[in-house]
Amino acid sequence: MLRIDRVLSGMGICSRSDVIHYIRKNEVMDTIKKQRILSLKHKISEHQLESLMVNGKPFPFPTLNLTIALNKPESYLCSTQRESSNHKIIYDLLPPEFLNRNPTLGNVGRLDLDSCGLLIMTQDGDLHHRILSADVEKTYLVEFVPPIESDVELNQMKELFFSGDLQLRSEDSTLKPITNFEYINPSTISISIVEGKYHQVRRMFAACSKRVVGLKRIKIGDLTLEGLNIETSGAWCVLSKEVL
């Protein structure tokens, strides 16, 4: 059973210290018992969260372990804070209460400012750790310049990425071999990796004298933008435990 202050702060309605204001104004109601909640000590089970209303409104996403998938656009920071007033953050794409959830609805890994695509965000610490610590395959669509000019150059790149011998600058060890390499056109390749080092894909292509001009993550494990029906930039969806 969960105290009402933890429930409201967990879903981003307000901070735990502010719950008393909602209680005093008689704005928290249990619709199953058809009674207003008048005490901070009131407890409710997690499966009863759908019965709660605050200020006459039900919770739109009644769970304390929310996990979502977001199709992150370029020019959005994976951060809870703006580096400047001109910067946009991923929470600008989501309902405002998502930023206030406790524990934080945090991104699992990140995509840099100039990258886009599939991003998982969760309140579930165990899930967050499981994805980051395991060799979960991540697939990227990579656009680069200058284009590949010959089969010899293409095969050299492919062999290097699969070899396990590529060591990036400032790294102490070589990269794990990629798990998939798909040639699309002379300036576009899809690759799958199981690590997540700093700017790894960009640095891999730089090692082949290529500059990445477009980077989109299209798959994490078995989850794809298409399969989740979030192919539109900025779209998002809630992930159920069954999907994960």
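The values are calculated or read from the model by the stated rules, or taken from the named source; none is laboratory data. Nothing here was measured: the structure is a model prediction, and the numbers come from that model. Because the Cβ atoms are built from the backbone with ideal geometry, glycine has one as well, and the counts that use them run over all protein chains shown.
Does any residue of region 139-158 turn out to be out of contact with any strand residue (DSSP E or B) (no Cβ under 9 Å at 6 or more places or on another chain), assigned to a loop (DSSP other than H, G, I, E, B), modelled with pLDDT of 95 or more and surrounded by 13 or more Cβ atoms within 10 Å (Cβ to Cβ)? Give the steps one after another, and end with the answer.
Looking only at region 139-158, we keep the residues that are out of contact with any strand residue (DSSP E or B) (no Cβ under 9 Å at 6 or more places or on another chain), and these are 149-153, 155-156.
Restricting the remaining residues to those that are assigned to a loop (DSSP other than H, G, I, E, B) gives 149-150.
Next, from what is left, pick out any that are modelled with pLDDT of 95 or more: 149-150.
Restricting the remaining residues to those that are surrounded by 13 or more Cβ atoms within 10 Å (Cβ to Cβ) gives none.
Looking through region 139-158, none of the residues is out of contact with any strand residue (DSSP E or B) (no Cβ under 9 Å at 6 or more places or on another chain), assigned to a loop (DSSP other than H, G, I, E, B), modelled with pLDDT of 95 or more and surrounded by 13 or more Cβ atoms within 10 Å (Cβ to Cβ).
Limited to region 1-26, what total is found for residues that are part of a loop (DSSP other than H, G, I, E, B) and either of a type in the set (G, A, S) or buried (at least 16 other Cβ atoms within 10 Å of the Cβ) (or both)? Talk me through it step by step, then tell me what you get.
Taking region 1-26 and keeping what is part of a loop (DSSP other than H, G, I, E, B), we get 1, 11-15, 25-26.
From what's left, either of a type in the set (G, A, S) or buried (at least 16 other Cβ atoms within 10 Å of the Cβ) (or both): 11-15.
Number satisfying all stated conditions: 5.
What residue, of T224, T179, T174, is of a type outside the set (D, E), more than 26 Å from the chain's Cα centre (by Cα), under 27 Å from R130 (Cα atoms) and at pLDDT 95 or above? Write out each step before concluding.
Numbers: T224 fails: more than 26 Å from the chain's Cα centre (by Cα); T179 fails: more than 26 Å from the chain's Cα centre (by Cα).
Of the residues listed, the single one that is of a type outside the set (D, E), more than 26 Å from the chain's Cα centre (by Cα), under 27 Å from R130 (Cα atoms) and at pLDDT 95 or above is T174.
One line per residue, one yes/no per condition, for (1) within 20 Å of E74 (Cβ to Cβ); (2) in contact with a His (Cβ under 9 Å, 6 or more places away or on another chain); (3) of a type in the set (A, V, I, L, M, F, W, C):
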| site | (1), (2), (3) |
| --- | --- |
| E182 | no, no, no |
| I191 | yes, no, yes |
| E195 | no, no, no |
| A207 | no, no, yes |
| L215 | yes, no, yes |
| L223 | no, no, yes |
| E231 | yes, no, no |
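Of S187, S209, which residue is surrounded by fewer than 13 Cβ atoms within 10 Å (Cβ to Cβ), polar (S, T, N, Q) and farther than 24 Å from I131 by Cα?
On the way: S187 fails: surrounded by fewer than 13 Cβ atoms within 10 Å (Cβ to Cβ).
Exactly one residue qualifies, and that residue is S209.
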